[in-house]
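Colleague: One structure, as structure tokens, below. Some questions next.
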Amino acid sequence: MLLKFIRKHLDIDLLRISLVFAFIYTLLFNSAVIIHRFEYYNISVWRAVLELGKDSIYIYLSLFILFLGLTIHRLVFVIGALFLFVTGAIASYYLYLFKISPTKEVMEAFFCSDVNEIYELVSAKLVIWLIFSLFVCVYTIRHFNIQNAKLLVTKLLSAICLLLTINSVIAPHYKVLNNYFPIQYLHNSFLFFSNGLNPSSRIDIHQQFAFADNSPEDLIAVLVIGESARFDHFGINGYERNTTPRLKDISNLFSFQAQSCSNVTHISVPCLLSRHSSSNFINVMKERSFLSILTHLGFNTSWIGTQSLTKYLKTLSNTTIYDDVDFVMIPGGSTLLKMNDHDGLMLPYIDNIVNKNPKPGKQFLVIHTSGSHWNYTSRYPKKFNHFTPDCNYVGNVDFRKADPSSCSPEGLINTYDNSILYTDFFLSHLIDLLKDKTAFLIYVSDHGESLGERGRYCHGGISTPEQTTIPFIVWASDKLHVARPGAVRAIQSHAGKEINHDYVFHTVFDCLGISSEIIDKKLSLCELAD
Ligand SMILES: [Zn+2]
């Protein structure tokens, strides 16, 4: 029935041509992306194949839609296909040989470079690859001898596909498409050209201020963003329960009491990643996060998280905080991590990034945990069910789906403390992965949590002290101690001082050895306290 309809109303030839072109394009150019991404997934070949197989289906379908859109007119198809094959060849060449992806920064640099700079980037290999790609394109066009659509339904379908493709270039609906060709470079080019027209896109501070990077060559810096962790529920901060048995024994680890920028995630996270203070939130949202500076300075920047912020942090130009880093692994669009996964499931991927990277260079890694977010019982594996009874077992009723007020006060605190115990495990394991490196780690929670004080639970709404008083932990490896001898002493000199989220930016840059006029050393823990 469907087949009959297709035969009667659609130009089979055009469908076939679109399928073939989508296949050739994927094979020639997106294989570079797939190989590039595979390196991040080599923790398990099976998972990598699953993840990339799913991506390939998306990419193939989107390319089929793209080429079917081009069949709207013979000339559009010929010019469009030639353009895509030339640009695809260039993009895949740089990804294959230099591991350079056409990100927004790279496209900007490309459009802003002069003829001489471009000339220097052209090599014989690129020319051969370009000629080969063009030959494949021209040969396939001639072989199929493409004609204009004869049937009305085909014409309509082509028009719809063309509109869908244009929409994808302007604002890719699926994040995954933005990692593959041609949407990646087309979308990022679009962002470059539309920037002036779109005041909502964020300012890149690296273009306005100079930064001098004197960080050690093999440096790994890690920023762990905690979730709903309270300062006063950490054993190392004087809590009567030993909720941090592992962190307690780690040397060069310093714990501070801090105030969060806000009591909700989607404000606190961009705020702590900004040079602006919490009192200046309007400006926080006007600029890109400080991660974009590090990416620009040549750090390998990665973001791995068990939660996703995408839906909150989009601007009209559709950029998110994730666009500021080189590599992102978050729930949604990935089968590797999903919402409500335990934070520990990130450890093998982190191990991969920091220990098995063939060309590590300087690295900056953001780890966005689910920490102690409600529902606390979902945050840790069973073996961390140390403080009992926990909410799950009160009165033999399954409280997994219940709200915190349905749990007994004792059970609620037990369950919450178990999640801190698991955070202790996670952080100490992470430090273990970094201990032989020249490494630096900051753990800071996004905000705190109410556990029934004055009838309040969770966080958000009116701010209360327990929702904004957070743990802020700094750790430096022995090698960092050697590379920057004064830093550890300086961190120590701040003991007992209450700090806040503003310290993140200034401490990260100063401790790494990056200087700039916008770094306020008074807000850096790596400078001796007054
Ligand atoms: Zn949060």
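Each value in this text was obtained by applying a stated rule to the coordinates, not by laboratory testing. Owing to the predicted nature of the structure, the values given are computational and were not obtained by experimental measurement. Note: ideal-geometry Cβ built from the backbone for every residue, glycine included; neighbour counts use all protein chains shown.
Colleague: Return the FRET efficiency for the residue pair Val20, Leu97: r is the Cβ-Cβ distance, R0 is 45 Å, and the value is rounded to the nearest 0.05.
Modeller: Here the calculated transfer efficiency is 0.95.
Colleague: Using only Cα atoms, find the angle between the long axis of helix 74-98 and the longest principal axis of the chain, and express it within 0 to 90 degrees, rounded to the nearest 10.
Modeller: 40
Colleague: Compute the length gained on full extension between Tyr58 and Ser408: take 0.36 nm times their separation in residues and subtract their Cα-Cα distance, giving the result in nm to one decimal.
Modeller: Fully extending the segment from Tyr58 to Ser408 adds 121.3 nm.
Colleague: Select from the range 223-306 those chymotrypsin sites (Phe, Trp or Tyr not before Pro) which occupy a DSSP coil region and have at most 11 other Cβ atoms within 10 Å, ordered by residue number.
Modeller: Sparse-neighbourhood loop chymotrypsin sites (Phe, Trp or Tyr not before Pro): none present.
Colleague: Just going by the charge dipole of the chain, with Lys and Arg at +1 and Asp and Glu at -1 on Cβ, which of Gln257, Leu430, Leu50 is farthest out on the positive end?
Modeller: It is Leu50.
Colleague: 5 Å is the cut-off here: which amide hydrogens, built 1.01 Å from N in the peptide plane, fall below it relative to Thr438, excluding neighbours closer than 5 in sequence?
Modeller: Sorted by chain and number, the residues that satisfy this are Ile220.
Colleague: Calculate the length of the line joining the C-alpha centroid of the range 226-261 to that of the range 466-511, in whole Å.
Modeller: 14
Colleague: If each of Leu164 and Lys125 carries a label point 7 Å out from its Cα toward its Cβ, how far apart are those two points in nm?
Modeller: Taking the two extended label points, one gets 3.6 nm.
Colleague: Relative contact order, percent, of the chain when contacts are C-alpha pairs under 8 Å separated by at least 6 residues?
Modeller: Relative contact order comes out at 18 percent.
Colleague: Quick one: putting +1 on the C-beta of Lys and Arg, -1 on the C-beta of Asp and Glu, what dipole do you get for the range 5-67 around its Cα centre, in Debye to the nearest 20?
Modeller: Roughly 200 debye, rounded to the nearest 20.
Colleague: Using only Cα atoms and rounding to the nearest 10 degrees, what angle (0 to 90) does helix 152-170 make with the longest principal axis of the chain?
Modeller: So the inclination is approximately 40 degrees.
Colleague: Then there's this: Using a/c under 1.5 as the rounded threshold, could you call the chain rounded, prolate or oblate? The axes a ≥ b ≥ c are square roots of the C-alpha gyration tensor eigenvalues, and prolate needs a/b larger than b/c, oblate otherwise.
Modeller: prolate
Colleague: Separate question: Quick one: longest stretch of the chain between exposed loop GluC sites (Glu not before Pro), exposed meaning at most 15 other C-beta atoms within 10 Å and loop per DSSP?
Modeller: It runs 241-516.
Colleague: So what is the calculated 222 nm ellipticity per residue for the chain, using -39500 (n - 2.57) for each DSSP H run with n of 4 or more, over all residues, to the nearest 500 deg cm²/dmol?
Modeller: So the helix-based figure for the chain works out to -14000 deg cm²/dmol.
Colleague: Please report the antiparallel percentage of DSSP beta bridges with both residues in the range 205-523, rounded to the nearest 5.
Modeller: 40
Colleague: At a Förster radius of 35 Å, what calculated FRET efficiency corresponds to the Cβ-Cβ distance of Gln147 and Ser194, to the nearest 0.05?
Modeller: 0.50
Colleague: Once the piece of chain linking Arg7 and Ala495 is laid out straight, how much longer is it, given 0.36 nm per residue of separation minus the C-alpha distance between them?
Modeller: Taking 0.36 nm per residue and subtracting the Cα distance, the gain is 168.0 nm.
Colleague: Which length gain, in nm to one decimal place, applies between Ala210 and Asn355 when the Cα-Cα distance is subtracted from 0.36 nm times their residue separation?
Modeller: Additional length available on full extension: 49.1 nm.
Colleague: Next question. Nearest 10 degrees, 0 to 90: what angle lies between the long axis of helix 502-512 and the longest principal axis of the chain (Cα atoms)?
Modeller: Between helix and principal axis, roughly 80 degrees.
Colleague: Place +1 on the Cβ of every Lys and Arg and -1 on the Cβ of every Asp and Glu in the range 2-196, take the dipole about the Cα centre, and give the residue among Leu14, Ala81, Tyr139 whose Cα lies farthest towards its positive end.
Modeller: Among Leu14, Ala81, Tyr139, the one farthest towards the positive end of the dipole of the range 2-196 is Leu14.
Colleague: Considering the dipole of the chain built from charges on the beta carbon (Lys and Arg +1, Asp and Glu -1) around the Cα centre, which of Ala490, Val33, Cys271 is farthest to its positive end?
Modeller: Working it through, the farthest residue towards the positive pole turns out to be Val33.
Colleague: Charges at C-beta only: +1 for Lys and Arg, -1 for Asp and Glu. How large is the resulting dipole of the chain about its Cα centre, in Debye rounded to 20?
Modeller: 2020
Colleague: Using label points projected 7 Å from each Cα along Cα→Cβ, tell me how many nm separate Arg454 and Phe111, to one decimal.
Modeller: Spacing of the two 7 Å Cα→Cβ label points: 5.0 nm.
Colleague: Okay, moving on. Taking only Cα atoms of the range 2-196, what ratio of Rg to Rh do you get with Rh as the Kirkwood inverse-distance radius?
Modeller: Result for the range 2-196 is an Rg/Rh of 0.99.
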